[in-house]
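Participant: Take this structure, written in structure tokens, and hold onto it; I'll ask about it next.
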Amino acid sequence: MKVIGLIGGISWVSTVDYYKLINEGVNNRLGGLNFSECLIYSFNYADIKRNNENSDWDSTFKMLFKACEFLKSGGAEAIVLCANTMHFIAERLEEAIGLPIIHIATATAIEIQKQEIKKVGLLGTKFTMELDFFKDKLTEKGIEAIIPQNQEDKDFIHTTIFEELGRGLVTKSTKERYLEIANQLIKEGAEGIILGCTEIPLVIKPKDLLVPVFDTTLIHSNAAVEFQLS
């Protein structure tokens, strides 16, 4: 089994899900008492948020590169960034550290392609929705991504990710608003919805919508398992 290094704490809530899903995935494949051989480096989420809100991606890069070095020195053969937004600097990190970074958007694009879907709605932080790093991976597979056009909707998603979901808080009103936003994207032609933040699965479940839901936490975890057992 190949050793993987998880960079978590962004947030700790979804990092727990990654650890659980990856271990369950390995065990489902190998049975018995076989589980994932992995290392975890967990950040203080407030430090990451402060950098990103100030557009200080260089400081975030330095923090993540230090974590990658720590994981590499411990024997990690690939890196898993346990957050969609951090993939903005994934290719830069991969080049600097000399290890493969299992890319969440690439894995998601492959899953969407399997269902022959050409247009999807993308929900996530404002970075994931508005920057091109995630959408470019979809475009490479011939998939168009649309995002909420209403600035209030985008602000609502971004704020609740950090202030509620990233702290493990889920409210009925927040769930209802997320579903309203997702259903609006479906009205605009989305054939599926990408939960492009690893905390959004807390409020949107596959049964909640009439189109396929692409849970990036689950998809990314499965890709990590495939790497470990390859």
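Participant: Test of understanding: what is the full-extension gain from PHE65 to LEU131, defined as 0.36 nm times their sequence separation minus their Cα-Cα distance?
Facilitator: Working: separation 66, 0.36 × 66 = 23.76 nm, distance 2.12 nm.
Gain in length upon complete extension: 21.6 nm.
Participant: Once you wrap a convex hull around the alpha carbon atoms of the stretch 105-215, what is its projected area averaged over all directions, in nm²? Provide the component values of the computation, followed by the final result.
Facilitator: Details: hull surface 24.5 nm².
Average projection, Cα convex hull of the stretch 105-215: 6.1 nm².
Participant: Can you give the FRET efficiency to the nearest 0.05 for ARG29 and GLU163, using r as the Cβ-Cβ distance and R₀ = 30 Å?
Facilitator: With a Förster radius of 30 Å, E is 0.20.
Participant: Right, another one. Output ³J(HN,Hα) for the stretch 32-47: one whole-Hz value per residue in order, computed from phi by the Karplus curve 6.51 cos²θ - 1.76 cosθ + 1.60 with θ = phi - 60°, and x for Gly and Pro.
Facilitator: Here the 3J(HN,Hα) series is x, 9, 7, 9, 5, 9, 8, 10, 10, 10, 10, 8, 7, 4, 4, 5 Hz.
Participant: Which lysines, on any chain, are close to LYS49 with Cα under 21 Å apart, when same-chain ones fewer than 8 places away are left out?
Facilitator: LYS49 reaches LYS62, LYS66, LYS126, LYS154.
Participant: Turning to a different aspect of this structure: Which whole-number percent is the relative contact order of the chain (Cα, under 8 Å, 6+ apart)?
Facilitator: Working: 374 pairs, mean separation 59.8, N = 230.
About 26 percent, as a whole number.
Participant: Let me ask something additional. Rounded to the nearest whole Å², what accessible area per residue is found for the stretch 105-215 with the 1.4 Å probe? It would help to have the intermediate numbers written out before the result.
Facilitator: Working: 5160 Å² over 111 residues.
That works out to 47 Å² for each residue.
Participant: Before anything else, pin down the relative contact order of the stretch 1-114: Cα pairs under 8 Å, at least 6 apart, normalised by residue count, whole percent.
Facilitator: Details: 142 pairs, mean separation 38.3, N = 114.
Rounded, it is 34 percent for the stretch 1-114.
Participant: Can you return the aspartates and glutamates within cross-link range of LYS72? Criterion is Cα-Cα under 13 Å, with same-chain partners fewer than 8 residues away left out.
Facilitator: Within reach: GLU94.
Participant: Taking amide hydrogens as modeled 1.01 Å from N in the peptide plane, which residues meet the under 5 Å criterion relative to LEU39, leaving out close sequence neighbours?
Facilitator: ILE4, GLY5, LEU6
Participant: Jot down the per residue volume, in cubic angstrom and as a whole number, of the convex hull over the alpha-carbon atoms of the chain. If you can, show how the numbers build up before the last one.
Facilitator: Working: hull volume 27.6 nm³, N = 230.
In the chain, the Cα hull volume divided by residue count equals 120 Å³.
Participant: Mind listing the long-range amide H neighbours of ILE194? Cut-off is under 5 Å, sequence gap 5 or more, other chains count too, H placed in the peptide plane at 1.01 Å from N.
Facilitator: GLY121, LEU122, LEU123, PHE214
Participant: With θ set to phi - 60°, apply the Karplus curve 6.51 cos²θ - 1.76 cosθ + 1.60 along the stretch 104-112 and write out the HN-Hα couplings as whole Hz, x wherever there is a Gly or Pro.
Facilitator: Taking θ as phi minus 60°, the curve returns 5, 6, 4, 4, 5, 4, 4, 5, 5 Hz for the stretch 104-112.
Participant: Follow-up question, since we're still on this one. With contacts defined as alpha carbon pairs under 8 Å and 6 or more residues apart, what's the relative contact order of the stretch 84-151 in percent? Could the numbers behind the result be given before it?
Facilitator: Details: 60 pairs, mean separation 25.3, N = 68.
The value is 37 percent.
Participant: Could you go through the stretch 130-141 in sequence order and give the Karplus-derived ³J(HN,Hα) for each residue, using 6.51 cos²θ - 1.76 cosθ + 1.60 with θ = phi - 60°, rounded to whole Hz, and x for Gly and Pro?
Facilitator: 9, 7, 9, 4, 7, 4, 4, 5, 6, 4, 4, 9
The values are calculated or read from the model by the stated rules, or taken from the named source; none is laboratory data. Just so you know, these numbers come straight off a predicted model, no measurement behind them. As a convention, Cβ positions derive from the backbone with ideal geometry for all residues, glycine included, and neighbour counts pool all protein chains shown. The area values use the complete protein model at the heavy-atom level, side chains included, leaving out ligands, DNA and RNA. Shrake-Rupley method; radii C 1.70, N 1.55, O 1.52, S 1.80 Å.
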